[in-house]
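The structure under discussion appears below in the form of structure tokens.
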Amino acid sequence: MSFFAKLKSIFKNLTSSKTNEELEEILIEADFGVKLATEIAKEVGTKGDITEALKNKIDTIISPLICDIKVNYDKHPFVIVLEGVNGSGKTTTVAKLAYHFQQMRLSVDIVACDTFRVAATEQLAVWAEKLNCRIFCGNSNSEKPREPASLAYEALSNSKSEVLIIDTAGRLQNNRNLMNELAKIHRVLKKIDASAPHETILVLDATTGQNMVEQVKEFQKIHPITGLILNKLDGNAKGGALVHVANEFGLPIYGVGIGETEKDFEAFSVEKFLKDLMEK
Ligand SMILES: Nc1nc2c(ncn2[C@@H]2O[C@H](COP(=O)(O)OP(=O)(O)OP(=O)(O)O)[C@@H](O)[C@H]2O)c(=O)[nH]1
Ligand SMILES: [Mg+2]
């Protein structure tokens with residue numbers, strides 16, 4: 001059952017007659033995680049209207065974390081690295097963020113550090129052309145793929161833009177080599193600017209369940225994550241584990257992806273999230 005379906009059934013079945021234990025069980029089943037489920041059941045159970053109390057609790061956890069990416073104009077350029085597992089929407093998010101900053105009249109360069117797959121570079125090159133961004137990429141004609149860290153170094157050394165967005169390879173968080181490669185990208189950036197990257201954003205797929213928590217943990221080991229973007233909230237995405245992630249890590253939530261074009265990026269709305277919960 002999807003997260004929304006589960007939660008919908010929770011709301012339907014919620015009556016004041018449910019015991020705290022029953023509520024706790026339902027919440028665990030709905031991907032809230034044991035710790036949070038216990039906490040909520042304890043708090044909510046004593047407050048009469050369980051539905052309202054549960055909504056308030058979700059609001060209390062998520063609302064303080066919603067914010068924009070604040071570009072520090074003292075940085076030349078302001079460097080953003082996008083990370084995440086296979087297919088979470090990193091490359092599309094590069095385009096969405098590039099467009100977002102262009103709307104703010106900032107100049108943007110992008111870097112195709114997913115050099116292992118030629119198609120990945122081509123995908124980003126298409127976006128670069130559409131958005132009229134400068135792109136740094138490896139030479140697709142050469143037989144050996146360019147080392148991602150060396151490309152990142154070249155990009156940061158040469159970019160004249162206000163914002164530099166770095167795309168990385170979709171990697172399983174348990175793939176040591178690829179994670180080492182990511183660590184290396186961070187190391188070389190710091191050789192040029194000790195404060196870089198200025199944002200390390202983990203891109204999550206809303207259709208992921210509890211594995212989301214694991215993903216945050218594993219990527220945090222490489223370099224501190226400074227914020228999250230949750231993609232694919234359009235359609236029937238679960239997204240529920242976000243409540244768990246938000247409660248566990250308290251990381252800023254920079255926005256959500258709601259489609260495949262550069263314009264399909266918006267701020268996370270708790271109101272919409274809860275409304276979808278009740279009506280989807
Ligand atoms: N519906 C929907 N589709 C999305 C969204 N974001 C990305 N996609 C689609 O999801 C697929 C994967 O997106 P990519 O941006 O290539 O993901 P990635 O993380 O770069 O993938 P890898 O480089 O293979 O790891 C593409 O078909 C995108 O068009 C979103 O917010 N909503
Ligand atoms: Mg990609």
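Taken together, the values in this text are just the output of simple stated rules run on the coordinates, not laboratory data. Quick caveat, the model's predicted, so the values are computed rather than measured. Neighbour counts are summed over all protein chains in view; Cβ atoms, including those assigned to glycine, are modelled from backbone coordinates with ideal geometry.
Full extension of the chain segment joining Lys160 with Val34 gains 40.5 nm, where the gain is 0.36 nm per residue of separation less the Cα-Cα distance. The Cα atoms of segment 78-279 cover 52, 35, 31 Å along the three principal axes, with the biggest extent listed first.
If I stretch the segment between Asp59 and Met104 completely, what's the gain in nm (0.36 nm per residue apart, minus their alpha carbon distance), one decimal?
So the chain would gain 13.3 nm between Asp59 and Met104.
For segment 109-165, the percent of C-alpha pairs falling in each 10 Å distance bin, counted from 0 to the bin holding the largest distance, reads 26, 57, 17, 0.
Estimated from the Cβ-Cβ distance and a Förster radius of 41 angstrom, the FRET efficiency linking Glu22 and Lys217 is about 0.85. Taking segment 63-94 and a reference point 7 angstrom along Cα→Cβ of Arg117, the backbone N atoms nearer than 14 Å belong to 84-93. Can you pick out the pairs among Lys35/Lys275; Lys96/Lys184; Lys35/Lys272; Lys96/Lys263; Lys90/Lys263; Lys75/Lys160 whose Cα atoms lie more than 18 Å from each other? Violating the 18 Å limit, Cα to Cα: Lys35/Lys275; Lys96/Lys184; Lys35/Lys272.
Averaging Cα coordinates gives a centre for segment 121-140 and one for segment 201-222; these two points are 26 Å apart.
Gain on full extension, evaluated as 0.36 nm per residue between Lys144 and Cys67 minus their Cα-Cα distance, stands at 23.7 nm.
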